[in-house]
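Input: a single structure, listed below in structure tokens.
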Amino acid sequence: MHDFNKIEITSNDIVRIAKEMICKKRRLVIINGYINENKENVICYNFDIDGKIDTYAIVGEKEIPSITTIYEASARWCEEEIEEMMEVRFIGLNRSGRLFLPEEFKEGEGQILIMPLEELKKLKEK
């Protein structure tokens with residue numbers, strides 16, 4: 001099992017880091033996002049560093065520069081998916097359209113919310 005190496009950065013750092021990684025021929029494995037226990041967005045960029053994964057995490061930001069000009073298709077699908085499913089906007093992302101959600105889910109209205117089952121049951125009872 002690999003060690004987990006997570007480095008917290010700001011949205012201002014990601015373009016520089018992506019450029020450094022591609023110059024060193026480091027592979028972008030995946031970009032993923034989740035909402036932490038403080039209800040903040042966490043966007044993680046996972047790079048292959050000689051067979052190990054280094055994760056660069058941006059916490060609590062809603063606008064992040066796109067790295068599609070650097071990692072092209074490797075970044076595009078991930079950024080589009082995250083943008084569709086979370087309240088995050090990737091500045092400079094050339095969107096191809098909805099991936100999963102219907103068109104009537106515009107501008108974040110109707111976003112899928114992830115919450116404990118008990119909270120969902122309470123909402124249904126109202």
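The values are calculated or read from the model by the stated rules, or taken from the named source; none is laboratory data. From a predicted model like this one, the values you see are computed outputs, not experimental measurements. Here Cβ is always computed from backbone atoms with ideal geometry, including for glycine, and neighbour counts include all displayed protein chains. Side chains included, ligands, DNA and RNA excluded: accessible areas come from the protein's heavy atoms. Shrake-Rupley method; radii C 1.70, N 1.55, O 1.52, S 1.80 Å.
Observations, loosely collected:
- Whole-percent carbon and sulfur share, accessible surface of the range 1-53, 1.4 Å: 50
- Added length on full extension, which subtracts the Cα-Cα distance from 0.36 nm per residue, LYS6 to LYS24: 4.6 nm
- Summed over the residues of the range 35-99 and divided among them, the accessible surface reaches 51 Å² per residue at a probe radius of 1.4 Å.
- Only protein heavy atoms count here; under a 1.4 Å probe, SER74 has an accessible surface of about 60 Å².
- Across the cross-link table entries LYS19/LYS62; LYS6/LYS52; LYS25/LYS52, which are compared at the Cα atoms, the separations over 20 Å belong to LYS19/LYS62.
- Nonlocal amide H pairs with LEU93, under 5 Å, H built at 1.01 Å: SER66
- Relative to the current alpha-carbon distance between LYS121 and LYS52, full extension at 0.36 nm per residue lengthens the span by 20.7 nm.
- The range 1-84 - share of DSSP beta bridges that are antiparallel (%, nearest 5): 75
- Ranking GLU72, GLU37, GLU119 from most to least accessible surface, computed with a 1.4 Å probe over the protein chains only, gives GLU37, GLU72, GLU119.
- Separation of the GLU61 and VAL15 label points, Cα + 7 Å toward Cβ, nm: 1.1
- Residues of type lysines that LYS121 reaches as a straight line, Cα spacing below 22 Å, ignoring anything fewer than 8 places off in the same chain: LYS39
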